[in-house]
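First up is the structure itself, then whatever we jot down about it.
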Amino acid sequence: MLRSTCLLCVLLVVSVLIFSAVQGFAVATSFNARYIYRLDYRGTADVTVIVNATGQDYVRLSLEPGFVDGTLTVYTENGTPLYFNVSDGIVTIYTYGQVGMLIAEYLAQVGNISEEVIVNATIHPQGPASVFLPQGTALTYVTGDPDINFVNGSIVLLFSKPGTYSIEYAVIPPTQTTAATTSGTAPSSTITSSESSTTQITTQSSETHSSISSSSTSPQQQLSHYLPFIGFAVVAAAIVAFLLIKLLRGRPTITEPEVTSGLDDRDLVILSTLAGGELSLSDIARKVGLNKSVVWRRVNRMMREGYLERRVVKGRTMYRLTEKGLRAIGNER
């Protein structure tokens with residue numbers, strides 16, 4: 001009897017310890033996160049993850065499968081860098097219970113281009129997500145039933161819970177709308193692709209068929225009525241497709257020189273741009289006319305070398321010159 005009682009006590013103690021360990025692990029790895037994806041015309045996403053890490057010793061996040069090595073930075077809401085480790089697509093961020101809010105930023109190739117003008121993207125947020133499509137694109141397909149809003153001319157998809165979501169959008173460069181309008185081929189708001197043109201043809205044909213049927217005309221009269229519209233739309237779709245393919249194939253390839261030490265001309269341009277005051281990464285890329293990933297690598301290298309520093313202002317990461325950076329552009333002048 002005594003042995004049975006002792007054995008039962010031991011089993012209870014072990015059960016309590018196991019339960020406590022599991023609960024502790026759950027606390028250590030649970031978090032509240034908000035995801036922001038900014039997609040471009042090539043299916044590359046600028047991913048920002050905002051995590052409430054209050055009371056956590058560390059946080060683990062699954063990176064998007066198309067994560068671009070060397071683009072990940074993690075810092076507190078005050079701009080203090082945090083130590084992290086990436087292994088097998090998972091980043092472990094060490095907070096030691098001293099961090100309230102942390103921010104992780106990186107680039108990921110989440111999509112690919114099909115039929116020259118359609119981008120198919122897939123994202124895997126671990127929490128609620130906001131997805132910004134590029135300006136001048138049209139949403140053609142999405143899973144997950146998100147709320148759809150418009151912000152500054154861009155489509156924004158709002159997903160309320162974690163999941164895997166597929167997004168398809170059509171690239172519509174502004175020049176295409178102008179060309180179509182000039183040639184008189186834009187009876188509707190925008191032609192997105194040959195598929196949308198076919199939809200317009202079907203709609204026009206259905207409307208024409210209904211009006212002809214209501215007036216009791218013959219099939220020959222119906223055919224003669226809507227054939228010009230079909231031919232007109234087919235020609236318009238062919239012209240738009242040709243211009244899109246020519247534009248996309250004609251884009252120049254920019255070669256990024258490798259800089260191992262010192263500053264080159266592009267670095268000096270970035271530093272001079274910041275002479276007027278602090279800017280975000282997107283603002284810098286727009287002003288200097290370089291790809292955001294290129295600017296990202298250069299800015300991070302110049303931060304390590306002491307030319308720049310970073311801080312977070314109202315949730316936005318801003319960059320500014322240090323004294324060393326001011327001296328660098330002063331010497332060039």
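The values are calculated or read from the model by the stated rules, or taken from the named source; none is laboratory data. Note that the structure is a prediction, hence the values are computed from the model and not measured. Cβ sites come from the backbone with ideal geometry, for glycine too, and all protein chains shown count toward neighbours.
Residues considered: L107, L82. Of these, the only one that is more than 11 Å from the chain's Cα centre (by Cα) and either in the same structural domain as V51 (by TED's automatic domain parsing) or free of Cβ contacts under 8 Å to residues at least 24 places away in the same chain (or both) is L82.
Total residues in region 144-176 satisfying the condition of being without any contact (Cβ under 8 Å) to a residue 24 or more places away in the chain and polar (S, T, N, Q): the figure is 3. Taken across region 121-136, residues that are modelled with pLDDT of 90 or more and either among the charged types (D, E, K, R) or loosely packed, with under 12 Cβ neighbours inside 10 Å (or both) do not occur at all.
Here N85 does not qualify as in a strand (DSSP E or B), at pLDDT below 95 and under 25 Å from R42 (Cα atoms).
Only one of D69, D57 is in contact (Cβ under 8 Å) with a residue 12 or more places away in the chain and charged (D, E, K, R); which? Spell out the reasoning first.
Working: D69 fails: in contact (Cβ under 8 Å) with a residue 12 or more places away in the chain.
The conditions single out D57.
Yes or no: region 29-36 includes at least one residue that is of a type in the set (A, V, I, L, M), in the same structural domain as G153 (by TED's automatic domain parsing), surrounded by 11 or more Cβ atoms within 10 Å (Cβ to Cβ) and modelled with pLDDT of 95 or more. Scanning region 29-36, I find at least one residue that is of a type in the set (A, V, I, L, M), in the same structural domain as G153 (by TED's automatic domain parsing), surrounded by 11 or more Cβ atoms within 10 Å (Cβ to Cβ) and modelled with pLDDT of 95 or more, so the answer is yes. Residues that are part of a strand (DSSP E or B) and either among the charged types (D, E, K, R) or surrounded by fewer than 18 Cβ atoms within 10 Å (Cβ to Cβ) (or both) within region 59-72 comprise R60, S62, listed in sequence order.
Scanning region 37-75 for residues that are among the polar types (S, T, N, Q), touching a helix residue (DSSP H, G or I) at 6+ places or on another chain (Cβ under 9 Å) and closer than 20 Å to G100 by Cα gives Q56, T73. Residues considered: R266, R320, R301, R297. Of these, the only one that is at pLDDT 75 or above and in contact with a strand residue (DSSP E or B) (Cβ under 9 Å, 6 or more places away or on another chain) is R320. I'd like to know if region 246-256 contains one or more residues that are at pLDDT below 85, of a type in the set (D, E, K, R) and not in a helix (DSSP H, G or I). Scanning region 246-256, I find at least one residue that is at pLDDT below 85, of a type in the set (D, E, K, R) and not in a helix (DSSP H, G or I), so the answer is yes.
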